[in-house]
Each structure stands twice: as C-alpha cells, then as structure tokens.
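Asks: Before anything else, here's the structure in question.
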Amino acid sequence: MRRWPWIACGVSLFFCWTSCCAGYDGWQDGGPAYIYVKPTQKSPFHMPYDEGMKCADCHGWDGVDAYTSATMSLKKSAKGRLPQDEIKKAILETLKGSGDYREMYALATSFNDEPLATCAEFILDPETLTLYASSEKQTEKLFHIAANPRVSLVYVRQRSDMMYFTDPTGVQIRGRAVQLKDGDPGFDEAADLCLETAMNHMPEAMKQKMTREAMMANIRKNQLITKVIPERIVITSGDFIRRGLHRKQIWEPRAPR
Ligand code: HEC
C-alpha cells in the first residue's frame with residue numbers, strides 16, 4: 001500500500017513531462033494545425049503571386065522558420081515583389097526621421113526566454129542599414145543583450161486618423177546586436193553619430209549647459225553603444241497595397257539585388 005503514493009507521483013510527473021515537451025516536439029511537423037490557414041478559398045484582399053503556383057506552395061510547413069505560412073512565403077512569388085534596391089529605398093524613406101535617420105523604435109530582447117520590449121532611439125546607417133543607439137549602462141535591455149545578442153526592432157508610424165487597415169507603415173528588423181564600450185573598435189565613430197544626431201534635436205538651453213566635449217566624455221564613461229546588424233528587414237506599407245504589390249516587402253543583406 002505504501003507504494004501507491006510513489007506510483008501516483010511517478011505517473012503525474014510523466015504526464016507533466018510529456019505535456020511540457022509536446023509543444024517542442026510538435027514543431028518538427030510545423031506545430032499545431034490551428035495555426036494554419038485552410039487554403040480552400042482566398043479573399044479578394046489576398047496578395048498577388050505567380051501564375052501556376054499552388055495554394056499549398058505557401059500554406060504548408062517547409063521547416064524554414066516560423067514565418068512559413070505568411071511573410072517569408074512571399075519570397076516564393078516574383079509577382080508582387082519589389083527588387084531589393086527599391087525595398088531598401090522605401091526603408092530609407094520611412095526611417096529617415098528629420099533627415100538624420102534618427103527614429104524611435106521598440107527593441108525586443110530576451111533573457112532566459114523572458115521577452116522585453118523597450119523604446120529606444122536608433123540611428124540608421126543608410127549604406128549598410130546597420131543601426132546604432134547609445135544608452136545608459138546598467139539598464140535591463142543591456143543585460144538581455146549581453147546574455148543573448150538575438151534582437152528584433154520594430155518601427156511603427158503612428159497615425160492620428162487610425163487608418164491602419166488601409167494605410168499602415170511599419171518596419172520589422174531582425175538581427176544580431178553587438179555592444180560597444182569605450183575603447184572598442186568602432187566605438188568612436190558610433191558615439192559621434194549618436195551624439196551628433198541627438199544634438200540635432202536638443203533645445204538650445206540644454207546645449208548651453210554642457211559642451212559637446214563634456215557630453216562625449218559622459219557617453220564614454222556612462223553609456224554603451226548597441227549596434228544592430230540586420231539579417232532581415234520587412235517593410236509594410238499602404239503604398240505597396242495601392243500599387244498591387246505584396247503589402248510586405250523583405251530586404252536581406254545577402255539577397256541577390
Ligand atoms: C506566394 C505565396 C502564397 C500563395 C501561392 C497563396 N497564398 Fe494565401 N496567403 C499568403 C500569405 C503571405 C498570407 C498572409 C497574408 C497576410 O499577411 O495578411 C495568405 C493568406 C491567406 C488567407 C487568409 C487571408 C485572405 O486573404 O483570405 C487565405 C484564406 C489564403 N491565403 C488562401 C489561399 C488560397 C486558397 C490559395 C490558392 C488559391 C493561396 N492562399 C495561395 C501567401 C500565399
């Protein structure tokens with residue numbers, strides 16, 4: 001009789017273990033079926049694709065990534081897709097800010113599988129689409145990045161008329177973050193860029209209080225530069241919808257031009 005509690009405990013541990021792990025195992029076949037669109041009939045708003053393509057070409061699991069059923073499947077269709085240099089131009093136009101490519105983003109990081117989204121201003125290098133931000137040491141996002149350099153950023157153009165359904169503007173970036181501290185190669189150039197663009201938006205009174213040199217000394221001492229090297233940028237735009245294109249266009253640094 002005394003054995004029963006142990007057996008009960010073992011059985012419940014086994015079920016707990018299988019249910020915890022089932023989610024991960026299932027992904028080999030594409031995860032739960034409820035995530036998928038049933039490709040029987042498409043709506044008049046469906047994005048265009050090449051003639052001869054079958055629904056299953058895009059609406060199945062082919063093990064590429066979690067985007068298989070949506071955004072990344074668009075790469076399979078030439079119809080509706082812009083060339084890489086035009087996508088880059090649209091990205092630059094969207095993220096140019098007041099002309100210095102400084103804009104506000106939400107930065108997503110993760111520590112021990114716990115995600116965190118943080119608002120941060122980044123400056124975009126219009127040549128490479130690398131992003132730079134200078135921020136106070138010791139903040140939560142910096143711990144996250146030190147532990148896990150995989151990051152994602154999103155830019156959303158906010159609208160006062162709320163017409164997001166027909167005219168959205170957004171940029172989603174996925175990439176690798178590098179932390180630069182004073183003395184690291186590339187720190188000086190990046191810190192210069194961050195301070196220069198920050199000063200474009202500083203009130204005169206603030207500039208009076210501190211010289212540029214003192215501000216730079218402060219950055220060197222108290223701040224870290226977060227450099228984000230993009231691996232994929234997806235831009236969504238109402239302009240693409242009106243032109244009959246895929247509403248999302250994908251830019252990748254190594255994609256053929
Ligand atoms: C080139 C890839 C591609 C092909 C081919 C394709 N789809 Fe899609 N489909 C997509 C993507 C991407 C979305 C997600 C759209 C979004 O992000 O809003 C989608 C969304 C849908 C949706 C939900 C939204 C809507 O517009 O109705 C349905 C239903 C659908 N597809 C059915 C079909 C059917 C039926 C076919 C074949 C006749 C088909 N699709 C062929 C890529 C494709």
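Asks: As a test, work out the antiparallel percent of DSSP beta bridges whose residues both lie in the stretch 84-251, rounded to the nearest 5.
Replies: The antiparallel fraction comes to roughly 100 percent.
Asks: Tell me, what is the percent relative contact order of the stretch 84-251, built from C-alpha pairs under 8 Å that lie six or more residues apart?
Replies: 26 percent
Asks: Report the extension gain between residue 56 and residue 181 in nm, rounded to one decimal, defined as 0.36 nm multiplied by the number of residues separating them, less their alpha carbon distance.
Replies: 40.1 nm
Asks: Determine the gain in length on full extension of the stretch residue 207-residue 136; use 0.36 nm per residue of separation and subtract their C-alpha separation, reporting nm with one decimal.
Replies: Between residue 207 and residue 136, full extension yields 23.7 nm more.
Asks: Here is a follow-up. What's the local net charge at residue 135, with K and R +1, D and E -1, over the other residues with C-beta under 10 Å away?
Replies: So the environment of residue 135 carries a net charge of 0.
Asks: Quick one: net charge of residue 166's neighbours, Cβ under 14 Å, K/R +1, D/E -1?
Replies: Surrounding charge for residue 166 is +2.
Asks: Residue 161 to residue 38: extension gain in nm, 0.36 nm per residue of separation minus the Cα-Cα distance?
Replies: 40.9 nm
Asks: Can you tally the net charge around residue 97? Count Lys and Arg as +1, Asp and Glu as -1, for every other residue whose Cβ sits under 14 Å from the Cβ of residue 97.
Replies: With Lys, Arg at +1 and Asp, Glu at -1, the net is -3.
Asks: Sticking with this structure for a sec: What pairs in 96/248; 89/248; 38/76; 88/227; 89/207 have C-alpha atoms more than 23 Å from each other?
Replies: Table pairs above 23 Å Cα-Cα are 89/207.
Asks: Could you compute how fast the chain diffuses translationally, taking Rh as the Kirkwood radius over C-alpha pairs and applying Stokes-Einstein at 25 °C with viscosity 0.890 mPa s? Give it in µm² per second.
Replies: Approximately 114 µm²/s, per Stokes-Einstein.
Asks: Okay, next question. With springs only between Cα atoms under 10 Å, which of 116, 153, 82 fluctuates most in a Gaussian network model of the chain?
Replies: 116
Asks: For residue 188 and residue 113, what is the calculated FRET efficiency with R₀ set at 35 Å and r taken between the beta-carbons, to the nearest 0.05?
Replies: 0.50
Asks: How compact is the stretch 112-257 by the rule of thumb for globular proteins, expressed as Cα Rg over 2.2 N^0.38 Å?
Replies: 1.21
Asks: Now a separate question. Could you check which residue among 39, 149, 203 shows the biggest mean-square fluctuation in a GNM of the chain with a 10 Å Cα cutoff?
Replies: Maximum fluctuation in the GNM of the chain, among the listed residues, is at 203.
Asks: With springs only between Cα atoms under 10 Å, which of 123, 91, 145 fluctuates most in a Gaussian network model of the chain?
Replies: 145
Asks: Continuing with the same structure: Got a sec? Charge dipole of the chain, +1 on Cβ for Lys and Arg, -1 for Asp and Glu; which of 229, 216, 153 is way out at the positive end?
Replies: In the chain, that residue is 153.
Read-outs: derived from the displayed coordinates by stated rules, not from any lab. The model shown is predicted, which means the values in this text are computed figures rather than measured ones. Because the Cβ atoms are built from the backbone with ideal geometry, glycine has one as well, and the counts that use them run over all protein chains shown.
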